[in-house]
Structure formats: structure tokens, C-alpha cells
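Taking it in order: structure first as C-alpha cells, then the write-up.
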Amino acid sequence: MSGSKALMDALELEGAKTVFGIPGGANLPMYDELFKSNIRHILVRHEQSAAHMADGFGRVSRKPGICFATSGPGATNLITGIATAHADSSPMIAVTGQVPISMIGKDAFQESDIIGISNPVVKYAFQPKTPSEVPEVVKKAFYISSTGRPGPVLIDVPKDVQQNEEEMNFPDVVKIRGYHPWTDPDITQIQRAIEILLKAERPIILAGGGVIISGAFAELQTIAELLMIPVVTTFKGKGSFPENHILSLGPIGMHGHAEANKMMVEADCVLAIGTRFSDRSVGKFEDFEKNLSIIHMDVDPAEIGKNQTASVAVVGDVQASLRIMVKMMIQKAIKKTEKTKWMKRVEETKEYWQKNLKIHQGDLGAAKVLRKLREVLPHKAITTTEVGQHQMWTSLFYNVIQPGTFFSSTGLGTMGWGFPAAIGAKVAKPDVPVVDIAGEGSFNMTENSLAVSVLENIPVIVFVMNNQSLGMVAQWQRTFYDRRMIGIDLKGCPDYVKIAEAYGAQGIRAESLDEIGKAVKIALKSDVATVIDIPIDPEEDVLPFVAPGTALKDMVLPS
Amino acid sequence: MWAILSVLVENKPGVLFKITNLFRSKNFNIDSISVGVTENPEFSKMTITTIGDEKRVAQIIKQLNKLIDTVEVKRLDEKMTVYRELVLMKIKASKPSEITEIMNLANAFECKIHDVRQSSIIVEITATPDKIDAFTDMVKNYKITDIARTGITALARGVNHES
Ligand SMILES: Cc1ncc(C[n+]2csc(CCOP(=O)(O)OP(=O)(O)O)c2C)c(N)n1
């Protein structure tokens with residue numbers, strides 16, 4: 001059997017149904033086998049988008065999404081997508097073609113050292129040297145990508161390895177000596193965590209992306225309710241806890257909710273679950289950990305003590321850890337029913353800011369636009385975002401109610417991620433509406449995926465908050481550079497309604513809240529992708545704002 | 001603070017690159033590194049010395065452990081470890097009597113002597129870094145024209161416990 005055939009068979013054995021990619025000289029043997037296989041190929045228009053689609057698919061299905069690219073430029077085009085998946089711990093298998101082994105190192109046509117280039121942004125990379133290595137490599141790649149802290153794995157297959165035939169053996173299990181993704185959570189540490197939480201005067205839960213990755217929504221909610229303590233999230237953890245729950249305060253961080261940042265600062269003990277304490281979430285590291293006892297749960301031991309010092313650390317899958325915690329609390333009959341002074345303070349603060357946070361008063365102010373979107377979208381709808389002001393407004397004003405329905409490029413902040421990721425998400429869950437909340441600058445970067453959406457019948461909605469500029473950069477220039485505006489004006493070019501139509505998609509311009517509501521309803525019923533173009537005020541800033549390098553307590557509020 | 005790390009890795013191409021690239025990308029510092037295959041040819045052992053405070057060294061160890069090609073990472077306790085570095089030094093003598101002086105010094109430090117010539121000599125010293133520093137200090141008055149160091153290599157003292 002050839003290496004290529006073995007590759008397809010091995011992928012099918014892993015349950016692969018779809019791959020996103022573009023063929024070229026060095027992966028044609030693979031494509032020829034793909035043609036004969038049962039796997040659906042979705043032809044993209046740029047490899048970066050193939051990686052983002054695989055990423056979106058992976059985050060939603062919690063199984064690795066798969067992307068294919070040829071050698072050289074095909075492979076390097078994947079890199080931004082792979083790096084994005086790596087930064088957000090998203091499971092992905094990237095399969096690249098490579099020049100034949102005898103040509104490696106000869107600066108051959110379309111040769112690139114993708115193993116070297118990708119090294120810092122993959123969880124692991126394989127380059128099988130003989131066809132018979134392929135089945136084991138694929139098995140290991142899926143195992144590494146999807147277990148422990150998930151991440152992208154690259155398989156770089158030289159063309160002769162694809163073509164040559166060898167006897168194949170498909171292993172059922174693989175063992176990797178240096179890889180131990182399963183750590184049993186330490187029960188004594190969990191016990192200590194409970195004791196500390198019970199003793200704390202002002203406890204809070206900080207839920208990170210790890211809760212979403214491990215699907216520990218029910219466990220998180222149970223613990224919050226049993227202890228009756230407030231829940232804040234990181235931006236990546238947004239929607240790990242229903243944002244309409246009375247205990248929910250929303251995301252903390254640079255553009256966190258005022259009430260979330262305020263209460264985080266006042267807390268004396270935090271149960272931090274599946275978070276790496278990124279600077280965007282916690283602000284200045286030294287200030288965050290001051291007078292705060294930290295209980296840190298994470299699957300990745302290297303996260304313990306990296307950015308913050310924990311007094312109790314529980315290493316292991318956070319769902320497993322939380323399950324043990326729930327069990328212990330039930331055994332000990334821990335169930336708070338009386339509101340503490342702290343909880344009253346939390347409720348007051350939340351109520352105050354929900355009433356009094358100043359929002360843009362224009363008809364198409366960001367808060368109004370996003371609340372309108374929430375109103376018309378069903379709770380099960382999946383939303384992704386691009387990167388910029390619209391993303392941070394989404395964090396502030398779009399409540400995620402059904403856990404695990406919100407995804408964004410939070411670690412790398414990759415403009416152009418949201419739309420292809422939405423397509424990947426829709427492939428994973430075809431029956432659920434998927435909306436990319438976009439800035440036009442970001443959408444412009446990968447808008448050619450409209451062709452994919454239309455031709456492959458993957459109708460998603462692009463909700464463009466169009467301020468005709470690179471708004472987030474403009475905001476920083478207004479704030480930090482004395483309004484010296486440079487490199488931000490997109491001048492309303494192109495016209496996104498016409499762009500949509502050019503691709504055979506549906507384009508709607510919505511110039512009032514009413515029109516937005518109607519447009520979304522039309523889009524929800526549509527068989528093709530819909531781009532809703534909404535002109536918003538280019539001068540609106542995202543507030544509150546915690547400037548980089550400062551602490552959460554230094555949050556700037558709208559005045 | 002100085003730390004000696006003993007890192008058991010898969011003996012296959014590209015692993016040294018991954019280790020050094022990890023140090024580079026995380027902004028850690030490699031003071032010295034030595035690599036060689038172990039008694040079992042499937043593994044190589046790297047001895048890495050690095051400098052950093054307690055927190056940083058702990059983080060380096062965790063990041064090394066996270067690499068899939070590392071099988072075991074141990075921090076060696078200086079007191080419980082035999083560690084040595086080998087240094088070759090070519091020293092120039094301006095007159096023949098200096099050769100004798102250098103040889104006397106070398107003997108006092110239990111060095112080996114190679115390639116003795118009229119006006120130059122190669123000295124081999126295998127010792128702990130502080131002893132090497134002391135010797136280097138002593139021969140400073142002569143002209144050292146070339147130096148090659150292997151980096152530290154180390155083994156824990158005592159019987160191995162099967163894990
Ligand atoms: C690929 C990439 N390039 C540049 C940036 C820097 N950047 C961050 S936000 C932003 C502006 C985004 O503009 P737009 O998508 O229109 O969103 P808005 O901020 O206007 O809502 C830029 C250029 C980035 N995050 N990603």
C-alpha cells in the first residue's frame with residue numbers, strides 16, 4: 001500500500017469526515033487518494049483559511065480539524081492558522097506535502113523547512129521517512145493533538161513517502177514515552193482548595209478557556225451554586241458560564257466588564273480554572289496576585305506558577321478535578337443558602353454597573369447593535385468574532401447564554417480568523433446557526449472564504465460592524481498618540497454588500513436596529529451565506545479599558 | 001542561581017534543535033550544554049547548565065518536561081552530583097623556560113599535557129568549573145591562544161533507583 005493510501009485510511013480510522021485544503025505539486029498523490037476516499041474535501045481559497053476552518057471545526061467538535069496544503073508556500077501559508085490554534089489550545093492536524101526525501105536540503109522548488117518553521121507553534125511535528133511509518137504517525141498525531149492540553153500537530157509527508165508502497169500495519173494504540181497527558185488530580189489538594197474557599201471572605205471563581213475545552217460547564221455551575229460565589233471569566237472563557245446567571249459577572253481583563261474587574265480586585269481568594277493568567281486578563285502580574293490566595297486548576301503543569309503563584313495547585317483535566325470537587329462538597333453537605341455580605345456587595349455592584357455603565361447613545365452604538373443581535377439569535381447559535389473593537393464590544397455587550405457557543409482568537413488575536421472559523425464551526429454543527437461578528441478590516445482579510453461558503457453550501461452569517469477603519473488601532477492612536485491617525489482609514493472600500501453578491505452570497509445593508517433585526521431573521525432562514533453590513537460610528541471607543549502594563553484596579557471607565 | 005539539568009531525550013534528529021529553540025523562544029539562558037548517547041542507544045542525555053532564580057528554573061524544568069521528546073528531566077543537586085567539564089587550552093610561551101613553568105602549573109592541577117613544542121603547549125584539564133576558573137586564572141600571565149570547552153556533564157551519585 002502507498003503512503004498516501006495509508007494516510008487516508010489512517011485518517012478515516014480516526015473518524016475524519018472532512019478536510020479543508022488546497023492541492024499542489026507536492027501533495028498530489030495524497031489528493032489522488034483523497035479522491036478515492038470517503039472524506040469530503042473542502043477547497044479553500046487561501047491555506048490560512050483552511051487552518052482557521054480546521055481550528056473552528058476543532059473547537060466546536062472538540063476533535064482535531066484537518067487541513068491540507070502543498071509544500072513551500074502552501075505550508076507557510078498555514079502558519080498563521082497553526083499559530084492561532086496553538087495560542088488557543090485548539091486541536092488540529094495539518095498535513096503538508098514536502099519535496100521528495102532525496103531533494104530535502106537541496107533548496108528544491110517549493111521546498112520549505114516547515115518542520116523548523118512551525119516548531120514554536122505546534123504541539124508536535126512529524127515527518128515520516130518511509131511509507132510504513134505513516135499509520136503510526138497519524139495515530140500519534142491525533143493522540144497528541146486531542147489529549148491533555150490540545151494543540152496543532154503537523155504531519156509533513158515527502159512526496160516519495162506518499163508514492164512508495166510498503167507493507168502497512170495500523171496500530172490500535174500508541175505509546176509515547178515522553179508524553180503523559182493524563183494526570184490524576186491530587187485529592188488532598190482539592191480538599192485544601194475547598195477548605196480555603198470556605199474560609200475565604202470574598203471568594204470568586206475565574207473560569208478560563210480550559211473549562212470550555214474540557215466541557216466542564218455543568219460542574220462549574222454546580223460549584224458556583226453550591227458555594228454561592230460569583231463567577232468571572234477570562235475572555236477565552238467567555239460563555240463557560242451562562243452570562244444571564246445571577247452569579248455571572250462576565251469577563252475580566254483589558255476590556256472586561258466593569259463589575260467583573262471591580263469584584264476581581266476586591267476578592268481575597270480565587271478559584272482559577274483552566275486559565276493561564278494571560279496579561280490581557282489579569283493586567284499587571286504583580287498587582288493581581290497581591291493579597292489574593294490563588295487556587296489554580298489546569299491540565300498543563302507548566303502553567304502552574306508561570307504567570308501567577310498559586311497557594312494550591314490541582315494538575316489534571318479540569319472537568320475531572322471539578323467532578324471530584326463536586327462529589328466532596330456533596331458528601332460534606334456543603335450548600336450555601338444564606339447570602340454573605342460579599343455576595344450582597346457583588347449583587348449591588350453588578351446591578352449598579354448594568355444600570356449605569358455609559359454606552360454610546362447613537363442609534364447604532366455598539367451596545368445597542370449587539371444587544372439587538374442577541375435578541376434575535378437563538379441561544380444555541382454559535383458566534384465567532386474577528387479581532388478588534390467589535391470583538392471587545394462582543395465581550396462587553398453580547399451575552400453568551402448557552403455554554404460553549406462562543407469562540408474567538410483570543411491568544412494570538414488573528415484578524416481574519418472569525419469568518420473561516422465560523423465555516424469550520426458550521427461544518428461541525430450544520431444544524432446550528434453560526435454568526436461571525438466582524439470588523440470590516442478583519443473580514444477583508446479572509447473574505448474570499450465566501451466562495452467556500454457558497455459553493456460548499458455552508459451558510460454562515462457575517463455581521464459586519466463597519467466603522468470604515470481599523471477601529472482598535474484608531475482607538476489606541478486617539479488614546480495614546482494624541483490623535484495622530486495613521487494607517488487606519490479603510491475609506492469604505494470595498495462595498496461589502498456588493499462583495500457578498502459577487503460571490504453569490506446575500507448582502508444586506510442594515511442602517512437601524514430594526515433593519516438589523518430583520519436582516520438577521522432573513523439570514524437565519526437563508527440557504528446561502530449572508531453578509532450584513534452595519535455602518536457604525538468610527539469614533540466610538542471600547543470602554544471600560546485597562547491599559548497595557550497597568551492593573552485591573554486602574555480600569556478607565558466611560559465618562 | 002546556577003542549575004544543572006540532566007535531560008533524557010529520544011535519540012533522534014531534531015531533538016537538540018527543539019531544546020535549544022525552547023530556551024530561545026522562552027527567553028531562558030543556556031550556560032552550557034553537552035549531549036551524548038546513553039548506554040541505551042534509544043536515548044541521549046543532555047546536561048544543561050542554566051542561570052536563573054528558583055521560579056525561573058522551575059519553569060524551565062516544566063517547559064522541558066512538556067516537550068514530547070524529553071523522557072525525563074532531573075535537576076541535579078550539586079552536592080549529590082559528580083560533574084566535570086573538559087577544557088583544552090593552547091598556551092603560547094615566549095621562551096622555553098615558560099613551557100616548564102606551565103607544565104609545573106599543569107601538574108599541580110592534575111592536567112594532562114599534549115603537543116609540547118618549543119613555543120606552545122596544549123593542556124587538558126578535566127575538573128569542576130571553579131577549579132577550571134582557578135587554573136585559567138593562574139595561566140593568565142601567559143598567552144592563551146585557543147580554548148575549547150565541552151560544557152559540563154554530570155551524573156548523580158549513588159545507586160540508580162529503578163522507576
Ligand atoms: C493579522 C493581524 N494584523 C494586524 C493586527 C493588529 N490589529 C488589531 S485590531 C486591528 C483593527 C481591526 O479592524 P477591524 O477588523 O475593522 O475591527 P474594528 O477594530 O474596527 O472593530 C488591527 C489592525 C491583528 N490583530 N491581526
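Each Cα pair of segment B:1-107 feeds into the Kirkwood radius, which the Stokes-Einstein equation turns, at 20 °C and 1.002 mPa s, into a diffusion coefficient of 135 µm²/s. Rounded, prolate or oblate: pick one for segment A:187-355, where a ≥ b ≥ c are the square roots of the eigenvalues of its C-alpha gyration tensor, a/c under 1.5 means rounded, and failing that, prolate if a/b is larger than b/c, else oblate. Rounded shape, in that the Cα axes give a/c under 1.5.
Restricting segment A:271-350 to GluC sites (Glu not before Pro) that sit in a DSSP loop and have at most 13 other Cβ atoms within 10 Å of their own Cβ leaves A:338.
Summary of the geometry: segment A:309-353 and segment A:13-58, compared by the centres of their Cα atoms, lie 43 Å apart. Relative contact order for chain A: 14 percent, from Cα pairs under 8 Å spaced at least 6 residues apart, divided by residue count.
Taking trypsin sites (Lys or Arg not before Pro) across segment A:141-191, the ones in a DSSP loop with at most 12 further Cβ atoms lying within 10 angstrom of their Cβ are A:175. Have a look at the DSSP beta bridges in chain A and tell me what percent are antiparallel, nearest 5. Beta bridges within chain A, antiparallel portion: roughly 5 percent. Over segment A:298-438, the fraction of Cα-Cα pairs per 10 Å bin, rounded to whole percents and listed from the shortest bin up, is 10, 24, 30, 29, 8, 0. Here the Karplus relation 6.51 cos²θ - 1.76 cosθ + 1.60, evaluated at θ = phi - 60°, turns the backbone of segment A:377-387 into coupling constants of 7, x, 4, 7, 4, 8, 10, 10, 9, 8, 10 Hz, with x for every Gly and Pro. From the largest down, segment B:81-163 spans 57, 20, 19 angstrom on the principal axes of its Cα atoms. Loop-resident trypsin sites (Lys or Arg not before Pro) (DSSP state other than H, G, I, E or B) in segment B:116-149 with no more than 16 further Cβ atoms inside 10 Å of their Cβ: B:117.
Measuring nothing but how far apart in sequence close Cα pairs (under 8 Å, 6+ apart) lie, relative to its length, segment A:187-355 scores a relative contact order of 27 percent. Between residue A:482 and residue A:246, the modelled labels are 5.2 nm apart [label points 7 Å from Cα along Cα→Cβ]. Distance from the Cα centre of segment A:399-462 to that of segment B:1-51, in angstrom? Taking the Cα centre of each part, segment A:399-462 and segment B:1-51 sit 41 Å apart.
Based on the alpha-carbon gyration tensor of the protein assembly as shown and its eigenvalue square roots a ≥ b ≥ c, which shape applies: rounded if a/c is under 1.5, prolate if not and a/b is larger than b/c, or oblate? Judged from the Cα gyration tensor, the protein assembly as shown comes out prolate (a/c at least 1.5, a/b above b/c). Whole-Hz Karplus values for segment A:239-249 come out as x, 7, 9, x, 7, 9, 6, 5, 8, 7, 10 Hz, taken residue by residue from phi with 6.51 cos²θ - 1.76 cosθ + 1.60 and θ = phi - 60°; glycine and proline positions read x.
Take the alpha carbon gyration tensor of segment A:3-163, find the square roots of its eigenvalues, order them as a ≥ b ≥ c, and report rounded if a/c is under 1.5; if not, report prolate when a/b exceeds b/c, else oblate. Rounded shape, in that the Cα axes give a/c under 1.5. Across peptide A:302-308, the average count of Cβ atoms from other chains found within 10 Å of a residue's Cβ is 4.
Bear in mind these aren't lab numbers, they're just calculated from the coordinates by the rules spelled out. These numbers come from a predicted model, not from an experiment. Because the Cβ atoms are built from the backbone with ideal geometry, glycine has one as well, and the counts that use them run over all protein chains shown.
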